[in-house]
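Visitor: Encoded as structure tokens, here's the structure I'll be asking about.
Derivation of every value follows stated rules applied to the coordinates shown; laboratory data play no part. This structure is a prediction, so every number in the text was calculated from the model and none was measured. In this analysis, Cβ positions are derived from the backbone assuming ideal geometry, glycine residues included, and neighbour counts consider all displayed protein chains.
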Amino acid sequence: MRTSKLFWQLFPSQLLILLSAILLISWYGALALQDYNVEQKLTDLEARSRLMQPQVTELFLAGNFQKLEEICQAAGRPAATRITVLDQRGKVVSDSIRDPESMDNHRQRPEIITALTGEVGSSRRYSSTTNQNMLYVAVPLFTDRQVCGVLRTAVADDVLENTLNHLFWRIGLGSLMVSIMAAGVTLLAARRVSRPLEEMTLGAMRFAAGDFSKKIVVSGSTEVVSLAQAMNRMVAELDNRLNEAENRRSELETVVSSMLEGVIAVDLEAKVLYMNGAAARQLDVSRFEAQGGNILEVVRNIDLLRFIQKTLGLNEPVEGTVVLNRGREDERILQMRGAQLFAADKARIGALIVCNDVTRLLHLENLRRDFVANVSHELKTPITSIKGYVETLIPEVADNQPHFREFLGIILKQANRLQAIVEDLLTLSRIEQESHREEIPLAAGAIKMVLAEAIESCATRTFGKMIEISLSCPDELTARINPPLLEQAVNNLLDNAIKYSRPESTVRVEAEATKEAVVIRISDSGPGIPEQHLPRLFERFYVIDKARSRKMGGTGLGLAIVKHIVQSHDGQVTVTSEMGRGSIFTIRLPV
Amino acid sequence: MQKHLQRDMEILKNKLITMGGETEDRVYKATLSIINRDAKMANDVINADREIDQMEVEIEEHCLKILALYQPVAKDLRLIIAILKINNDLERVGDLAVNIAERGAFLANHKEFEIFFDIKKMASKVESMLTSSIDCLVHLDVPLAHKIRAEDNEVDAINREMYERAKEVLILNPDHINFVLHTISAGRHLERIADHATNIAEDVIYLEEAEIVRHTPEVYES
């Protein structure tokens, strides 16, 4: 938009008003003056005519035109008045300026027409005789109340015109002076209005630049001052809000930057919105270089890239592991959790990623796993030889030394127990290792066959207690399983069920397919498990009643093995129990 | 218009970086499958080649779209041309990774043979060259590009050494010929990957300095 200064907005209208007022007044004045002037002159001319009338009438009637001419010239010349005498037919008989013979008939002149009717006629027009504007007054000459001729007097009108021209010049000059004065006054007035506005503009620009320290001080009209006050109030409020926001931001910044976990926020195009110090350290990048750059360009790691793309593409929290500097000595493993970021209006604006350096943790975990496997393996050999020697000794013991036999029996029993524990530990660590390396092959297989085989291998243990095992499973039920492992899991669960069931009861094995999982349920009618033990039941070596468990010959690892097997199938194992009624172990395998 | 072009170029660059990352990953896994004699990993690489091919097609289409829509000039045009060529290089690297993985699948069934040259050193050199070449594309880092050209000589040296060793092995155990051929093939593929990485670096030099250095051997201090 084209803008102009306040002066240029005010000045033209002011000038227009002033000038039109001057013009209107001077036009009206000039008109009045002219009317008055003409009136005066006409009266004057009539008076002069009246003065000359008797003498002219006399000479005219006497027919002394020679004398008449002389008188006309004598009277007219000094008074700058043209005197003409005409007869009643309009023929000029005498003129003070020209030879009457050379003049045409004047009968049609307006003033003559009036005069011939006996009235005084007057006219203002251009005269071809004198070549200028003239005022004419014609007075009728009477004989015996009859018009017999006309005496016409005329003066030049240009005196008046000159006067008016002069007057217009003055008015023009005056208008110019008034215009200049008006400009000056308007300039002053505009200044008075615009000065405070300019100051406020400067103040507002200062505010915009972030300097809230100086207030706007202006003097001027009430409106301007109250506008300035309103602006000052607005700025004070703004300052408060900004400070508040700044404080909150720095608080948040402090909290996030002192977190041990790395925090990265990216927008929808994977540009880094924020990265805290921990994240920069973990990813080994400069925080300041990363800011605003695309995370793909900043970090250049395929795992991270896939993780971020997954987080941006999904609508739920994502977990994953990212390996940095893979295969090198400074290999680093980061565990990441990603969530979508939403703006206040629920629009998705990016993703938030929290990362944890788990390199050391995984390293320790590996060490532990290797340690358990190695120790178990190392223990196996000595136990086998102890067992061997004890078994060799027992038949050799003399009958008169019953204590020896009893003690050797205890040694053998404990060695067997130790062997069972070591075997279980080895199984456990093997499953753990294989599932960690994702080496457990899973294939679609029939569930019923696995369950039937597990039941068959437990059959020998049921005889002593007269326990019946019932199986209900649809023939066509299949799932992605590793049959030997699943059989072992079911076996372990059945083993427990048989151990803790009352004699002559039934252990039920049921399997069915639901919408999202294949469910295998093993329920016994044992004494039940107190509720406080349920959450920790699947931990290694967790036993409810140490003495009893040992008597039953448990290693404390059976359920841990079940848990690991089911986990390697991407499934879940849970337990519910009711005191006095029995327990139900449930395995859920994904379809 | 300019803004749209910049946006499209940004997307294109991201796609190329993603593809770079994916190929790096393939090469890493392929060489690892040879070093660890891991048949499963080798098969993973062999089966995943379609993804890289898909990406190549996508990037090429994107380049053509930008060329048709915006008729870019000067630097933008050079970037598009460079991306088209690098795209090709990366796709070839992806194929080579598959070839190496196929060797890996074979060698995994012959764990009794020792690999007769330092494939670990060669692989890590080649991988670092590939990573650096994509890095120098991302940051338009010309000095790094020159460094990659220098590194190529080292890989060539290892490659020559590999042939010498292969001859020695064959003279001692002529019946190992099958195994030796597979190993040599893997080494050759690694060397080709290094060449592609060098190509990418040279394209980056062209992109930044508008000077084609491809066939002008440079003397590097090593």
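Visitor: Would you mind ranking A:HIS403, A:HIS106, A:HIS436 by Cβ crowding within 10 Å, fewest neighbours first?
Guide: A:HIS403, A:HIS436, A:HIS106
Visitor: Compute, for the stretch A:406-466, the length of the dipole vector about the Cα centre, with Cβ point charges of +1 (Lys, Arg) and -1 (Asp, Glu) only. Units Debye, rounded to 20.
Guide: Approximately 300 debye in magnitude.
Visitor: Going 7 Å from the Cα of A:VAL147 toward and past its Cβ, which residues in the stretch A:91-130 have a backbone nitrogen under 15 Å from where you end up?
Guide: Flagged as within label range: A:91-92, A:106-123.
Visitor: If you average the C-alpha positions of the stretch B:113-155 and of the stretch A:99-135 separately, how far apart do those two centres end up, in angstrom?
Guide: 123 Å
Visitor: Just to verify a number: FRET efficiency for A:ASP570 and B:LEU5, C-beta to C-beta distance, R0 = 41 Å, to 0.05?
Guide: 0.30
Visitor: Less than 26 Å apart at the alpha-carbon level, and either on another chain or at least 8 residues along: which lysines does that give for A:LYS41?
Guide: Within the straight-line limit of under 26 Å, A:LYS41 reaches these lysines: A:LYS91.
Visitor: What ³J(HN,Hα) values, in whole Hz, does the Karplus curve 6.51 cos²θ - 1.76 cosθ + 1.60 give for the stretch A:254-271 when θ = phi - 60°, with x put for Gly and Pro?
Guide: 4, 4, 5, 6, 8, 5, 7, 7, x, 10, 10, 10, 10, 8, 5, 9, 6, 7
Visitor: Any idea how far apart B:GLU211 and A:THR506 come out in nm if each label point goes 7 Å out from Cα toward Cβ?
Guide: Distance between label points: 9.1 nm.
Visitor: Sticking with this structure for a sec: In peptide A:215-222, what is the residue-averaged number of other protein chain Cβ atoms found within 10 Å of each Cβ?
Guide: Rounded to a whole number, the mean comes out at 0.
Visitor: How large is ³J(HN,Hα), in whole Hz, for each residue of the stretch A:71-86 in order, when computed from phi with the Karplus curve 6.51 cos²θ - 1.76 cosθ + 1.60 and θ = phi - 60°, using x for Gly and Pro?
Guide: 4, 4, 5, 5, 7, x, 3, x, 8, 6, 10, 8, 10, 10, 10, 10
Visitor: On average over all directions, what projected area in square nanometres does the stretch A:178-334 have, based on the convex hull of its Cα atoms?
Guide: Hull-based average projected area comes out at 15.8 nm².
Visitor: Can you pull the one-decimal nm distance between simple spin-label points at B:LEU140 and A:MET234, each 7 Å off the Cα toward Cβ?
Guide: Here the modelled spin labels are 4.2 nm apart.
Visitor: Run the helix sum for chain B: -39,500 (n - 2.57) per DSSP H stretch of 4+ residues, divided by residue count, reported at 222 nm to the nearest 500 deg cm²/dmol.
Guide: Only helices count here, giving -29500 deg cm²/dmol.
Visitor: ³J(HN,Hα) across the stretch A:150-156 via Karplus (A = 6.51, B = -1.76, C = 1.60, θ = phi - 60°), whole Hz, x for Gly/Pro?
Guide: 9, 9, 10, 10, 9, 10, 6
Visitor: Within 10 Å of each Cβ of A:291-299, how many other protein chain Cβ atoms are there on average? Walk me through the numbers on the way to the answer.
Guide: Numbers: counts 0, 0, 2, 5, 1, 9, 8, 2, 1.
Mean partner shielding for this stretch: 3.
Visitor: Moving on to the next point. Could you work out how far apart the two model spin labels at A:VAL178 and A:THR43 are, taking each label as a point 7 Å from the Cα in the direction of the beta carbon, and quote it in nm?
Guide: Spacing of the two 7 Å Cα→Cβ label points: 3.0 nm.
Visitor: In 10 Å bins starting at zero, report the fraction of Cα pairs in the stretch A:362-432 per bin as a rounded %.
Guide: Binned Cα distances yield the sequence 20, 37, 23, 14, 6, 1.
Visitor: In addition: Within the stretch A:289-314, name every residue whose backbone N is under 19 Å away from a label modeled 7 Å from Cα of A:ARG348 along the Cβ vector.
Guide: Once the point is set 7 Å along Cα→Cβ of A:ARG348, A:295-296, A:304-314 turn out to lie under 19 Å by backbone N, inside the stretch A:289-314.
Visitor: How big is D, in µm² s⁻¹, for the stretch A:259-357 by Stokes-Einstein at 37 °C and 0.692 mPa s if Rh is the Kirkwood radius over C-alpha pairs?
Guide: Here the translational diffusion coefficient equals 247 µm²/s.
Visitor: Whole angstrom only: what separates the Cα centroid of the stretch A:336-375 from the Cα centroid of the stretch A:185-217?
Guide: Cα centroid of the stretch A:336-375 versus Cα centroid of the stretch A:185-217: 58 Å apart.
Visitor: Give the order of A:GLU329, B:GLU91 when sorted by the count of other beta carbons within 10 angstrom, beginning with the fewest. The partial results should precede the final answer.
Guide: Numbers: A:GLU329 5, B:GLU91 21.
With the sparsest Cβ surroundings first, the list reads A:GLU329, B:GLU91.
Visitor: By count of other Cβ within 10 Å, fewest leading, how are A:VAL266, A:VAL397 ordered?
Guide: The fewest-first ordering by Cβ neighbours comes to A:VAL397, A:VAL266.
Visitor: Something else: Given the peptides B:67-73, A:150-156, arrange them by the average over their residues of other C-beta atoms within 10 Å, most packed first. Walk me through the numbers before you get to the answer.
Guide: Details: B:67-73: 12.7, A:150-156: 24.4.
Per-residue Cβ counts within 10 Å, averaged per peptide and sorted highest first, yield A:150-156, B:67-73.
Visitor: What list of whole percents do you get for P(r) of the protein assembly as shown, with Cα-Cα distances grouped in 20 Å bins up to the one holding the largest distance?
Guide: Histogramming the protein assembly as shown at 20 Å steps yields 10, 22, 20, 13, 8, 8, 8, 7, 3, 1, 0 percent.
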